[in-house]
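Everything on this sheet refers to the single structure shown next.
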Amino acid sequence: GGVNYIFIEVIENRTSKIGVERIVTNQLIFEFSRQRESSLVSNVNEADAILKGSINSIRTQTISRVGTEVANEREVVMRVDLRLIKKNGGAVIWAAKGLSDREAYDVDSVKIQTDRNEELALGRLSERLSERIFNRLTDDF
């Protein structure tokens with residue numbers, strides 16, 4: 001206990017997907033500010049606890065095919081670890097390992113559109129994951 005103010009550190013990206021750490025970190029910050037703005041601080045010096053985490057894997061897989069050649073839908077699967085640590089001393093207050101979620105997206109004949117669809121899917125996935133993280137974290141306080 002004794003946690004009133006949380007600072008959310010940029011989530012570490014251990015995948016080859018560039019920029020996904022910003023998507024996940026921003027969603028976590030958004031979720032905390034939406035639901036419990038009073039406990040979120042933007043300066044680590046004001047925090048009692050720090051939320052840290054890592055994105056450990058992102059993989060995409062085909063979920064439906066047209067004929068034998070063309071994939072028309074894929075899903076992206078992301079797996080994250082998180083921990084809330086006491087600012088002074090670094091004791092782990094709360095941890096969640098191997099949280100994962102998935103989101104489907106359409107494959108377009110234009111690659112740049114497929115990439116955009118995947119990015120939007122990662123955004124939706126991060127939003128859901130952030131809600132789950134917030135709810136699990138705050139269940140313990």
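The values are calculated or read from the model by the stated rules, or taken from the named source; none is laboratory data. For clarity, every value in this text was computed on a predicted model and none was experimentally measured. Here Cβ is always computed from backbone atoms with ideal geometry, including for glycine, and neighbour counts include all displayed protein chains. Accessible surface areas use protein heavy atoms only, side chains included; no ligands, DNA or RNA. Shrake-Rupley method; radii C 1.70, N 1.55, O 1.52, S 1.80 Å.
A few notes on this one:
- Selection from segment 101-141 of residues that are of a type in the set (Gly, Ala, Ser) and in contact (Cβ under 8 Å) with a residue 24 or more places away in the chain: Ala104, Ala121, Gly123, Ser126, Ser130
- Single match in Ile55, Ile63, Ile18 (criterion: within 22 Å of Val110 (Cβ to Cβ) and touching a strand residue (DSSP E or B) at 6+ places or on another chain (Cβ under 9 Å)): Ile63
- Matching residues in segment 118-141 - criterion: being outside any helix (DSSP H, G or I) and not aromatic (Phe, Trp, Tyr): Asp140
- Leading residue by the ranking (surrounded by the most Cβ atoms within 10 Å (Cβ to Cβ)) among those in segment 70-128 that are among the polar types (S, T, N, Q) and within 30 Å of Asp48 (Cβ to Cβ): Ser126
- Only one of the numbered conditions (1) without any contact (Cβ under 8 Å) to a residue 24 or more places away in the chain; (2) more than 26 Å from Ser33 (Cβ to Cβ) is violated by Lys97, and that is (2).
- If you go through segment 19-53 and pick out every residue that is in a helix (DSSP H, G or I), in contact (Cβ under 8 Å) with a residue 40 or more places away in the chain and open to solvent by less than 60 Å² (accessible area, probe 1.4 Å), you end up with 8.
- Members of segment 94-141 found to be of a type in the set (Ser, Thr, Tyr) and either on the phi > 0 side of the Ramachandran plot or over 16 Å from the mean Cα position of the chain (by Cα) (or both), listed by number: Tyr105, Ser109, Thr114, Thr138
- Residue within segment 78-89 that is among the aliphatic types (A, V, I, L, M), assigned to a loop (DSSP other than H, G, I, E, B) and without any contact (Cβ under 8 Å) to a residue 60 or more places away in the chain present: no
- Condition met for Ser16 (farther than 19 Å from Glu131 by Cα and open to solvent by 40 Å² or more (accessible area, probe 1.4 Å)): yes
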